[in-house]
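Chemist: Below: one structure in structure tokens.
The values are calculated or read from the model by the stated rules, or taken from the named source; none is laboratory data. On a predicted model such as this, the values are computed, not experimentally measured, just so you know. Every residue, glycine as well, gets a Cβ built from its backbone with ideal geometry; the counts of neighbours run over all protein chains shown.
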Amino acid sequence: MLGDRAGRCPVEGLRSHYLAGMTDPSGPARTPACWVWARRWWPSVFVPEDEKHPPQLCDLVPLNPSWQPEPMYNPTSISTPSRHPDRASYDAATVHEILDEALICHVGFVADSRPHVLPMTFVRMGSSVYLHSSTGAHMARMAARGGGLEVALEVSVVDALVFARAGFNHSLNYRSVVAHGTATLVGDDAKKASLDALMEKLAPGRSGDVRAATEAELRQTAVLVLPLVDVSAKIRSGPPADDLDDLSLTHWAGLVPIREVRGTPEPSPDLAPGITLPRYL
């Protein structure tokens, strides 16, 4: 569910961030982070020139009543990570950007008293994820029988290998999204729309440059929708976090960036002569 950036009304959301940076709400700021937050996410609020003497909460009122905070997903007990919760983000734009970039998701569910994890193609439309499947697949059959299926969905994008001086502190820079909820089968109209959207995700313009699916093909295809409610992103970025005692060691430390790039298209060997590469590829 989308709300403001604190998951509450704007004033209460601002109160939580205001108090988070204060030793005493009426005393000096322990850190100016709360004012950075206010300036970034509340550009229409009053922030004094002298940040050594922060204003009272009543001074932080929107000057433009029509301005709205950027949407975010409400943190829940399910969507809050137990390890490194400081790396979590509930910002809708961040969650959506990661989902839109990733080409494969992994979906976990329980069937026949056993855990299952499947790699699946998917596409985000609005605040929902659409999973491409087959009507004969175990997952789709269970969703059909039960009116839905409890699932956990994960996507990850690796941005860098993190080399530290100590083996213990090696890591990855990554952006990930985890979502929990009930996936249900969609009807024909939503199925067609999501399949077109999936082709557009692979290459914008592709959905209008293919043969349309036949009724028989659509009957064999299942699409499940997972609303993004219990969802969060988790991000690690920056250099290695070495222990202070290790900084004088002579081992190399730093980042090795990882980039996913598209190579030169390779035509199918049975492609008819004269068919040229589409401009969108």
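Chemist: Is it fair to say S194 is of a type in the set (G, A, S) and buried (at least 17 other Cβ atoms within 10 Å of the Cβ)?
Modeler: Against the criterion (of a type in the set (G, A, S) and buried (at least 17 other Cβ atoms within 10 Å of the Cβ)), S194 qualifies.
Chemist: Looking at this structure, is V256 among the aliphatic types (A, V, I, L, M), exposed (fewer than 11 other Cβ atoms within 10 Å of the Cβ) and at pLDDT 95 or above?
Modeler: Considered against the rule, which asks whether it is among the aliphatic types (A, V, I, L, M), exposed (fewer than 11 other Cβ atoms within 10 Å of the Cβ) and at pLDDT 95 or above, V256 comes out as yes.
Chemist: Continuing with the same structure: Please state which one of R206, R219 is under 26 Å from the mean Cα position of the chain (by Cα) and more than 29 Å from R87 (Cβ to Cβ).
Modeler: Going through R206, R219 in turn, just one is under 26 Å from the mean Cα position of the chain (by Cα) and more than 29 Å from R87 (Cβ to Cβ): R206.
Chemist: Just checking, does segment 138-153 include any residue being touching a strand residue (DSSP E or B) at 6+ places or on another chain (Cβ under 8 Å) and either of a type in the set (S, T, Y) or free of Cβ contacts under 8 Å to residues at least 24 places away in the same chain (or both)?
Modeler: No, the conditions are met nowhere in segment 138-153.
Chemist: Scan segment 208-228 and tell me whether some residue there is under 30 Å from A166 (Cβ atoms), aliphatic (A, V, I, L, M) and at pLDDT 95 or above.
Modeler: Taking every residue of segment 208-228 in turn, none turns out to be under 30 Å from A166 (Cβ atoms), aliphatic (A, V, I, L, M) and at pLDDT 95 or above.
Chemist: When only residues in segment 155-191 that are closer than 23 Å to V223 by Cα and among the β-branched types (V, I, T) count, which is surrounded by the most Cβ atoms within 10 Å (Cβ to Cβ)?
Modeler: Selected residue: V177.
Chemist: Taking segment 100-110 only, how many residues are outside any loop (DSSP other than H, G, I, E, B) and of a type in the set (A, V, I, L, M)? Quick ask: steps written out before the conclusion?
Modeler: Restricting attention to segment 100-110, the residues satisfying the condition of being outside any loop (DSSP other than H, G, I, E, B) are 100-101, 105-110.
Filter once more, keeping what is of a type in the set (A, V, I, L, M): 107, 110.
Qualifying residue count for the region: 2.
Chemist: Could you pull out the residue among A213, A241, A222 that is closer than 30 Å to S156 by Cα and surrounded by 15 or more Cβ atoms within 10 Å (Cβ to Cβ)?
Modeler: Selected residue: A222, the only one of A213, A241, A222 that is closer than 30 Å to S156 by Cα and surrounded by 15 or more Cβ atoms within 10 Å (Cβ to Cβ).
Chemist: Sticking with this structure for a sec: Looking at A197, A216, can you tell me which residue is among the small types (G, A, S), out of contact with any strand residue (DSSP E or B) (no Cβ under 7 Å at 6 or more places or on another chain) and farther than 17 Å from L149 by Cβ?
Modeler: Unique residue meeting the criteria: A216.
Chemist: Scan segment 90-119 residue by residue and report those that are surrounded by fewer than 17 Cβ atoms within 10 Å (Cβ to Cβ), aliphatic (A, V, I, L, M) and either under 23 Å from K192 (Cβ atoms) or touching a helix residue (DSSP H, G or I) at 6+ places or on another chain (Cβ under 7 Å) (or both).
Modeler: Selection gives L103, I104, A111, L118.
Chemist: Any chance segment 86-105 includes a residue that's free of Cβ contacts under 8 Å to residues at least 24 places away in the same chain and on the phi > 0 side of the Ramachandran plot?
Modeler: No.
Chemist: OK, next. Quick one: what pairs do we get from segment 244-255, first residue outside the structural domain of S171 (by TED's automatic domain parsing) and in a strand (DSSP E or B), second surrounded by 13 or more Cβ atoms within 10 Å (Cβ to Cβ) and among the aromatic types (F, W, Y), C-beta under 7 Å, 6+ apart or different chains?
Modeler: G254/F163
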